[in-house]
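These notes concern the structure reproduced below.
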């Protein structure tokens, strides 16, 4: 950060940008992918609705990644997801991820 003197305030140019400005949020990533998907559809309607399709396609990788991040600990994964462990177990079973 340059040659700062002790107790000197850095100039705006010396302050690193917050990570949020360089790292897209989860919402940003979703919006970008929805726009790409809609462009690929080129006006063709999404069978069974886009909302249902998004939920169906997002849930399995979400559960897999959180479960992997928690080292396979379902109680911890459920806590991170904000759902009950029994709900997580049912979802894993229903999706064939158990």
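Once both labels are modelled 7 Å past Cα along the beta-carbon direction, what's the residue 31-residue 95 spacing in nm?
Label-label distance for residue 31 and residue 95, simple model: 2.5 nm.
List 55, 38 from most exposed to least, where exposure is judged by having the fewest other Cβ atoms within 10 Å.
Lowest count first: 55, 38.
Please give the length that would be gained between residue 68 and residue 80 if that part of the chain were fully extended, namely 0.36 nm times their separation in residues minus their C-alpha to C-alpha distance (nm, one decimal).
Between residue 68 and residue 80, full extension yields 3.1 nm more.
Report the convex hull volume per residue for region 18-94, counting only C-alpha atoms, in Å³.
118 Å³
A short reminder: the numbers here are calculations on the coordinates, not readings from a lab. Nothing here was measured: the structure is a model prediction, and the numbers come from that model. When we count neighbours, we look across all protein chains shown, and the Cβ atoms used for this are built from the backbone with ideal geometry, even at glycine.
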